[in-house]
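Since the structure comes first, as structure tokens, the remarks are kept for the end.
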Amino acid sequence: MKDMISPKRSAKAKSLKKVQFHYCSGCGHGIIHRIVAEIIDEMGLRENTIAIAPVGCSVIAYEYFNFDVTEAAHGRPPAVATGIKRIHPDKLVFTYQGDGDLAAIGTSEIIHAANRGERITTVFVNNAVYGMTNGQMAPTTLLGQRTETTPLGRDALREGYPLKIMEMLAVLPGVQFLARSTVHTPQEILKTKKLIKRAFDVQLHGHGFSMVEVLSMCPTCWGMTPLEALDFVRNRMIPFYPLGIIKEPDKNENGQYGKEQPKK
Amino acid sequence: MKVLTNGNEAIAEAAVQAGCRFYAGYPITPQNEIPGYFARRMPEVKGTFIQSESEIAAINMVFGAAVAGARCMTSSSGPGISLKQEGISYIAACQLPVVIVNMMRGGPGLGDVSPAQSDYFQATKGGGHGDYHMIVFAPEDVQEAYTLTFNAFNYADYYRNPVMILGDGILGQMMEPIEQVNPSFELPLPEKDYILDGCRGREARSMMSLFLREGELERHNAILQEKYKRIQEELCLVEMVDVDQSDVVIVAYGTVARICNTVMREASNEGIKVGLIRPITLWPFPAKQIYDKVKNNAKVLVVEMSAGQMLEDVKLALNGKANIDFLGRMGGGIPLVVDILKKVVSMKGDS
Ligand SMILES: Cc1ncc(C[n+]2csc(CCOP(=O)(O)OP(=O)(O)O)c2C)c(N)n1
């Protein structure tokens with residue numbers, strides 16, 4: 001972890017402003033912000049990026065990202081991104097969304113943006129809970145998981161089952177790249193970085209919609225220490241939300257990914 | 001050269017002429033000719049037309065297009081406009097130039113698809129959450145729908161504020177010959193120094209309506225209110241006909257004002273002088289112009305296709321100066337000339 005996200009290293013990430021994160025200790029948002037910023041630096045895209053922040057703990061992503069960022073109403077980043085990308089088709093446009101934002105109030109927007117094959121990327125941070133509003137059940141909350149609004153643990157008969165958004169999106173032809181990863185170990189952080197970079201690449205090569213779901217920690221709302229939270233990701237989340245690439249563009253005979261689709 | 005067109009298509013073409021290159025909307029009667037027209041027209045001008053999955057998505061798509069710096073529009077009616085309210089509040093908060101069309105239909109609820117003016121409060125008083133205003137234009141015919149829509153884009157950019165074109169099902173569907181002549185706009189448009197297009201050669205920008213630091217949100221609100229005050233001072237548009245020498249003054253807007261033109265003629269045949277005040281901007285409401293023009297103890301009749309919404313603004317404007325009566329039809333009913341005339345005759349009779 002030292003190598004990737006040490007303060008010294010991040011101070012060099014031009015795509016991050018030189019301010020301290022406000023996130024709780026052990027929260028995954030800071031790590032994921034940093035990964036995204038480093039990728040954008042490495043791809044040389046800082047001046048060609050427009051990001052859409054969600055409503056959730058990461059609403060103030062614009063305080064940290066040192067590139068153009070707009071806020072959007074709760075759940076609507078994919079619609080806002082659609083408007084932006086259609087006006088600036090050559091920019092890297094990505095949404096950064098929590099599981100309440102994306103998988104509850106914004107389900108319609110994410111499915112339809114994905115189904116239109118919008119050339120945007122979504123970084124979907126799944127911490128299995130509503131962080132900003134103090135830890136209520138999210139659509140992704142695991143069975144048995146206690147939250148403010150499932151004090152006895154989520155019960156399938158009462159609250160339904162955790163929603164696997166990626167698996168739902170995988171059937172849509174407009175969706176070109178889907179992967180799930182985590183940030184609970186340094187190795188996984190590195191993998192997450194590779195996957196998000198691939199997702200951006202898919203967007204820039206005009207293949208269609210791309211998205212990476214990142215399983216993330218919320219020790220504060222889970223009522224755990226930061227270390228216990230890492231175990232929760234390992235022992236509870238990963239078994240239910242399997243990691244890896246779920247969908248990627250077809251390779252052509254030269255081993256390269258698919259034909260570019262016509263620009264919108 | 002005149003072209004024969006309906007209000008909905010006139011609005012869509014005026015938007016294209018004004019440089020609107022992004023439209024998103026969801027079908028609802030009585031405004032379907034607007035998305036239909038854009039679907040055909042946008043590809044011709046290399047613009048974008050999106051039939052969105054909902055009105056919520058549509059308003060957020062235009063939010064994005066406006067943040068990206070494009071002239072953009074969405075349109076709907078009644079239930080769909082209600083769904084857009086959260087987005088409109090964000091657009092107003094972020095001071096984005098977006099043009100929104102509401103071709104009003106009868107409500108509340110699903111209501112019906114007949115013309116109505118019952119979204120006046122929603123349009124002029126805010127509609128969504130928070131202290132904000134849209135500029136609201138109320139065209140009375142197809143020609144004016146064209147002209148006002150064209151300049152709506154200019155005013156939206158000039159004030160960095162959402163603008164609503166508030167019509168009704170009659171205006172949307174009615175065919176009339178119009179001149180597609182683009183009106184002039186003399187005011188200098190400010191540079192769009194807020195748009196997000198990648199931070200090449202400049203500092204990174206952000207667009208937000210969240211202000212958490214002590215006092216920040218109150219200061220932001222003060223900036224908005226100052227702008228609204230300026231708009232109120234600069235932009236009140238109203239047409240006044242024969243108000244001075246009248247027995248009864250009618251106040252009406254949009255389609256209803258047109259009906260009242262006939263009332264004026266027929267009343268004059270019966271020897272009754274009727275004046276007409278027709279607000280063209282509903283917000284800012286031309287309160288001062290109305291107050292200055294209407295004489296003490298004048299007889300004023302407000303006519304609307306609602307239970308009496310603009311009526312409240314007329315009362316506030318006149319501040320007890322005149323005797324105000326009301327005639328309204330609701331739920332898609334259209335006030336008839338005979339009924340308005342009868343009311344005018346009875347008002348003239350009471351002395
Ligand atoms: C329309 C609307 N409804 C509700 C809220 C309140 N709210 C803010 S954030 C949030 C949930 C955020 O959870 P999530 O998306 O999982 O992000 P996290 O905070 O966990 O990162 C809710 C319900 C809101 N701001 N707007």
What Rg and what Dmax come out for the range B:232-340 when only alpha-carbon atoms are used, in angstroms?
12.9, 39
B:Val136 long-range amide H proximity, modeled H, under 5 Å:
B:Met164, B:Leu282, B:Trp283
Using only the alpha carbon atoms of the range A:13-247, find the Kirkwood hydrodynamic radius as the inverse mean reciprocal pair distance, in angstroms to one decimal.
17.4 Å
Under the Karplus curve 6.51 cos²θ - 1.76 cosθ + 1.60, θ = phi - 60°, whole-Hz ³J(HN,Hα) for the range B:219-231, x wherever Gly or Pro sits:
5, 4, 4, 5, 5, 4, 5, 5, 5, 4, 5, 4, 4
Output ³J(HN,Hα) for the range B:15-25: one whole-Hz value per residue in order, computed from phi by the Karplus curve 6.51 cos²θ - 1.76 cosθ + 1.60 with θ = phi - 60°, and x for Gly and Pro.
4, 4, 4, 7, x, 5, 10, 9, 9, 9, x
So which residues of the range B:78-93 lose at least 20 Å² of accessible area, probe 1.4 Å, when you go from the chain by itself to every protein chain present?
B:Glu86, B:Tyr90
Taking every residue of B:66-76, the Cβ atoms of other protein chains inside 10 Å of its Cβ average out to 3
Return the calculated 222 nm mean residue ellipticity for chain B, to the nearest 500 deg cm²/dmol, obtained by summing -39500 (n - 2.57) across DSSP H runs with n ≥ 4 and dividing by the residue count.
-12000 deg cm²/dmol
Of B:Arg258, B:Arg278, ordered by accessible area with the largest first and a 1.4 Å probe, the sequence is B:Arg258, B:Arg278
Per-peptide average of other Cβ atoms within 10 Å, ordering B:57-65, B:242-250, B:208-216 highest first:
B:57-65, B:242-250, B:208-216
Which of B:Leu224, B:Ile259, B:Phe211 sits closest to the plus end of the dipole of the range B:200-262, meaning its Cα is farthest towards the positive end, when Lys and Arg get +1 and Asp and Glu get -1 on the C-beta?
B:Phe211
³J(HN,Hα) computed for each position of the range A:169-183 - Karplus, 6.51 cos²θ - 1.76 cosθ + 1.60, integer Hz, glycine/proline x:
6, 4, 7, 8, x, x, 8, 10, 9, 9, 8, 10, 8, 9, 10
Interface buried area A-B, accessible surface with 1.4 Å probe, both sides summed, nearest 100 Å², comes to 2700 Å²
Please average, across the residues of A:44-55, the number of beta carbons from any other chain that are within 10 Å of each residue's own beta carbon, and give a whole number.
4
Heavy atoms of A:Ile245 accessible to a 1.4 Å probe, total area in Å² rounded to 10:
80 Å²
So with the 1.4 Å probe, I'd like the accessible area per residue for chain B, rounded to whole Å².
40 Å²
Would you mind putting A:143-156, B:286-299 in packing order, based on average other-beta-carbon counts within 10 Å, highest first?
B:286-299, A:143-156
How much net charge surrounds A:Pro77 when only other residues with a Cβ under 12 Å from its Cβ are counted (Lys, Arg +1; Asp, Glu -1)?
-2
What does the charge count around A:Lys194 come to, taking other residues whose C-beta lies under 14 Å from its C-beta (Lys +1, Arg +1, Asp -1, Glu -1)?
0
Which of the residues in the range A:83-98 lose at least 10 Å² of accessible area when you go from the chain alone to all protein chains together (probe 1.4 Å)?
A:Gly83, A:Ile84, A:Arg86, A:Ile87, A:His88, A:Lys91
Per the Kirkwood formula over distinct C-alpha pairs, the hydrodynamic radius of chain B in angstrom is 20.8 Å
Would you look at the GNM of chain A, springs on alpha carbons closer than 10 Å, and say which of A:Leu142, A:Leu227, A:Leu45 moves the most?
A:Leu227
Starting from the exponent 0.38 and prefactor 2.2 Å, build the expected Rg for the range B:41-178 from its residue count and divide its actual Cα Rg by it.
1.00
Lysine pairs within the range B:208-301, Cα separation less than 22 Å, 8 or more sequence positions apart or different chains
7
Peptides B:165-174, B:187-196: what's the order by average Cβ count within 10 Å, highest mean first?
B:165-174, B:187-196
With all protein chains present, how much of the accessible area of the protein assembly as shown (probe radius 1.4 Å) comes from carbon and sulfur, to the nearest whole percent?
53 percent
Amide H contacts under 5 Å for A:Ala73, placed H, 5+ residues apart:
none
Please list, in chain and number order, the residues 5+ apart from B:Arg205 or on another chain whose amide H is under 5 Å from its amide H, with Hs placed from the backbone.
A:Asp68, A:Val69
Where the eigenvalues come from the Cα gyration tensor of the protein assembly as shown, what are the semi-axes √(5λ) of the equivalent ellipsoid, largest first, in whole Å?
52, 24, 22
Hey, if we sort A:Ser58, B:Ser118 by accessible area with the 1.4 Å probe, largest down, what's the order?
B:Ser118, A:Ser58
For chain A, what does -39500 (n - 2.57) per DSSP helix run (n ≥ 4), summed and divided by total residues, give at 222 nm, in deg cm²/dmol to the nearest 500?
-8500 deg cm²/dmol
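The values are calculated or read from the model by the stated rules, or taken from the named source; none is laboratory data. This one's a predicted model, so the numbers in the text were calculated from it and none came from an experiment. Methodologically, a virtual Cβ is constructed for each residue, glycine included, from the backbone with ideal geometry; neighbour enumeration extends over all protein chains shown. We work out accessible area using only protein heavy atoms, side chains counted, and drop any ligands, DNA or RNA first. Shrake-Rupley method; radii C 1.70, N 1.55, O 1.52, S 1.80 Å.
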